[in-house]
Every structure is written in C-alpha cells, then in structure tokens.
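Worksheet for the structure shown next.
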Amino acid sequence: MINTKRFYLRKFKIADAENMFNNWANDSEVTKYLTWQPHKSVESSLEFIKFLIDTNKTDLAICDRATNEVIGAISNVKENADFSACEIGYCLSRKYWNQGVMTEVLDAYLDNLFNNKNYKVVEAEHMVENVASGAVMIKCGFRFNYNAEILTDKHGWINVKHYSITKEEYLMHKLQLLLNNFLNSKIPLFSTLNQTINYLSNNGYLVDVVNTINDSKVRYKSIEDVLVIKKSEYNINTYYFIGKSNSKEAFKKYVNDFLTTNNLFVLSEGNVPIEEVLVKMLIKHNLTISFAESCTGGLMAATLINVSGASNVLKESYVTYSNDSKNKILGVNKNTINKFSVYSKETAYEMAKGLSKVSKSNICVSITGLAGGSSYQVGDGSYHSCIIINYNNKELVIELERHEKGTRNDVRRKQVNYVFYQIIKVLRETL
C-alpha cells in the first residue's frame, strides 16, 4: 500500500467494480484522451478488474482516505527489459479534478517506483490536447522531451507530448520544494545536490557538509534554524547542514553536537570522496598499498586510481578471480579452498598473506565473496576481506566479514567503500 495525506493506493479488488464504473470508467470526459473506450456496464468493469488480478498487472486503485471509495487508477503501462525504466498512466474521477489529487498521488507513486522498486527512469506521455495531464507531470518534476505522432486503435494517429524523470531529477525536485519552504525563498532547480549547496554557500547561507559511514541509527531533532539533509550512497552517508540564521556560532555548535551525540565516524568534512581521504592519508604517512581482488574484480585499485597522486602509494595489484589464480599468484593452498570454500575468511587471509610476500606493500588487502545479483536484480553480497598492515616492524591483521545487498555493481561499490573505511579507521587509531 502507498499512502499520501488524503489518499492511499492498493491493488484492485472484485468489489471495486461498481466504484470503477460509476466514478470514471463510464465517463466519456475522463476517457476522452485515454486509449480505451468507456465501459458500457458494471460487468465490463468487473471483467477488467478480473483481468488485472489474473494477470498480476501493476494497476493500483486510488482510494479516498475519508470515504475508502475508489476514485481512479495509476499503473505502469510499459516496462523495459531490465526493469530500470517504465512508462506510467493514470486516470481520475471527474469530481476530483482541479483539487491537486493527481499531483499528490503521482508524487507518492514516483517515490515508490524510485525508492522501493529501484527504477532509474519513469516516462509518461499525453495527447497534446490534454493540457491538465501535462501540468500534473510538470508539477511532479517531469521534464518535457519531445512531441511525437503515434497510432492508436481508439483515435488513429494522434500527437502526444513525451516526458520523463530520472531518480536524481525526482530527488532534486523534492529538495527544491523542501528548501523553498524552509528558507521561505525560491531556490533555483539544479541537477545535483552539490550544485544546490554551492549556490546556497555563495548566497550567504550557512552550510556545512560531513561524510560519515555506518550510521543507520542516527538520532537528531530538527530545529527551527537548521535543516539537515542526509544522502546515502554505497555505504557512505553525507550530511548537509543548512542554516538560515546569521549565528555562525550556534550553527557550528549544532553541527558539532549532532556529530558527537550520534558518535559518527567522520570520514571528511566537505564533500571529499573516501578514496581521496585514503590516498592523502597514505601519502602523509609514506605508506604503500596493494590489492588482491576476487568479487570486486579490480574495483578497489580502479577506485584508488581515480585520485591524483595514487601513483605515489599504489603498488601492484591483482584480480585473482579464479581459484587457480589465487593459487598460482598468491600461493593460496588448494586444500584451504576445498575445506573452507573460496569465500571463507581462511582463503581471504591466505590471499592477503600471499600478496604481502609478492608486493612487499605496507598495506595488503584481499577480498573474496559474492558480488551480488545481476545488473538489475538485487542479490546477496556476503564477503570476507583481510587487511594486513606492516609498519614500523609491526604486523597488524584485520579480518572483516560483512553482508551487502543490492545489484551486482552496487554491492561491489559498497564492498570497496566499507573496506576503505576500515583501513582509514585503523590507520587513524594506530598512526
């Protein structure tokens, strides 16, 4: 079920046939710009609902919270092969027009598609004459793309306007509305959060940005003069603090109290990527690093190389994806793999130990495990990692066991960030 302030969305039931017929399906004004003809009887609506249930269609009933009456429908009318994008359609009882109903419902529906269904793009189109439908799309952050001419059974050739919205565009649209309300001022719509923050900073607002990790149980209270926005991506949580008062001291105190109260591990102040934090730390302490990667497939080394100066710290690294390569390059005992499995902590330790012998780096990192699902399906990302640090004639061994969940590439990026975080944490505690 999807909830809004005045309405809720749920799957259709057989008992909805009469509401469907009376409220919109028989109304030629409602169906004027739709691709199907008005229903001629309640039985027609009943058969349609049976079809939706039998074929497990995505159509959801729009229900008035005050009366529990079904007043419209919204659905995915088309999806691409990997389920990363869909096209939506909707209709609404005429007596609910011009009351902001579809804007409220569509916003909640988009939130569900992007944040629960993991769609990357949502598309929609309407007949050129249906201006009201286009207005709803614009209010919800959709971007107009182009005009097209399409062939339909009901209308023949028609002219339509095509719109789309990405997950990032949706989030930025919501952020703009939030900031406009908080600051009591109209903020321009930017394509990224960082652009928005830069604009605020350059226009006299108090702004602070802090990167943290593993803080899912953060507790804080909003105060009148400070807005806190949290962005989570691949295990990294970035907090954006925005103040609207002129008291820099009070603003800074709130930020410090927030970090202290929640005992957050601060990777960096300012929007500095975790790999840059790690490279700068290694350069500062004149340390070298190497990787032996299985499930991440070279992503650790590649991520580090994104940073200027990485050549000063990164020695050789290996993608030992197969069991043979783990044995031939790193000297992992085949009996270890057979006895404990290739994904075990024992295998991870022997990978790191072998890497240490081969590379002579101060820090040797191994990782082996599952890379997650497919490119678009969520899957298991359980893994073991071993970090061996040799510094000042001392050896420190850190063994990690962790589970990530997500699509294949999302899991790999989460694995990289979490291991980098552990290295940074240990180095801060020991150096």
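The values are calculated or read from the model by the stated rules, or taken from the named source; none is laboratory data. Predicted, not measured: the structure shown is a model, and the values here were computed from it. Here the Cβ is made from the backbone with ideal geometry for all residues, glycine too, and neighbour counts use every protein chain on show.
Structure summary
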quantity: Those residues of the range 246-261 which are part of a helix (DSSP H, G or I) and either among the small types (Gly, Ala, Ser) or closer than 21 Å to Asn203 by Cβ (or both), in sequence order; calculated: Lys248, Glu249, Ala250, Phe251, Lys252, Tyr254, Val255
quantity: Tally of residues being in a helix (DSSP H, G or I) and among the polar types (S, T, N, Q) across the range 352-371; calculated: 2
quantity: Residues that are without any contact (Cβ under 8 Å) to a residue 40 or more places away in the chain and assigned to a helix (DSSP H, G or I), drawn from the range 262-287; calculated: Glu276, Val279, Lys280, Ile283, Lys284
quantity: Residue check, Glu104 among the charged types (D, E, K, R), more than 27 Å from Gln377 (Cβ to Cβ) and modelled with pLDDT of 95 or more; calculated: yes
quantity: Close pairs (7 angstrom Cβ cut-off, 6 or more residues apart or separate chains): free of Cβ contacts under 8 Å to residues at least 12 places away in the same chain in the range 144-166, outside any strand (DSSP E or B) anywhere; calculated: none
quantity: Count of the range 113-134 residues which are buried (at least 16 other Cβ atoms within 10 Å of the Cβ) and among the hydrophobic types (A, V, I, L, M, F, W, C); calculated: 6
quantity: Flag for Tyr376 being within 23 Å of the chain's Cα centre (by Cα), surrounded by 15 or more Cβ atoms within 10 Å (Cβ to Cβ) and closer than 30 Å to Asn263 by Cα; calculated: no
quantity: Qualifying position, being among the hydroxyl-bearing types (Ser, Thr, Tyr), touching a helix residue (DSSP H, G or I) at 6+ places or on another chain (Cβ under 9 Å) and farther than 20 Å from Ile165 by Cβ, among Ser93, Ser75; calculated: Ser93
quantity: Among the residues listed as Asp257, Asp208, the single one being charged (D, E, K, R) and surrounded by fewer than 16 Cβ atoms within 10 Å (Cβ to Cβ); calculated: Asp257
quantity: Tally, over the range 118-135, of residues that are within 19 Å of Lys78 (Cα to Cα) and out of contact with any strand residue (DSSP E or B) (no Cβ under 8 Å at 6 or more places or on another chain); calculated: 1
quantity: Residue among Ser232, Ser311, Ser290 that is under 28 Å from Leu370 (Cβ atoms), free of Cβ contacts under 8 Å to residues at least 12 places away in the same chain and not in a loop (DSSP other than H, G, I, E, B); calculated: Ser232
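Okay, residues lined up against (1) charged (D, E, K, R); (2) farther than 21 Å from Arg412 by Cβ:
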site	(1), (2)
Thr288	no, yes
Phe291	no, no
Ile305	no, no
Lys326	yes, no
Leu330	no, no
Asn338	no, yes
Tyr343	no, no
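Residue-by-condition table, conditions (1) under 17 Å from Met300 (Cβ atoms); (2) assigned to a strand (DSSP E or B); (3) among the acidic types (Asp, Glu):
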| residue | (1), (2), (3) |
| --- | --- |
| Lys339 | no, no, no |
| Glu350 | no, no, yes |
| Gly373 | no, no, no |
| Gln377 | no, no, no |
| Ile387 | yes, yes, no |
| Val416 | yes, no, no |
| Ile424 | yes, no, no |
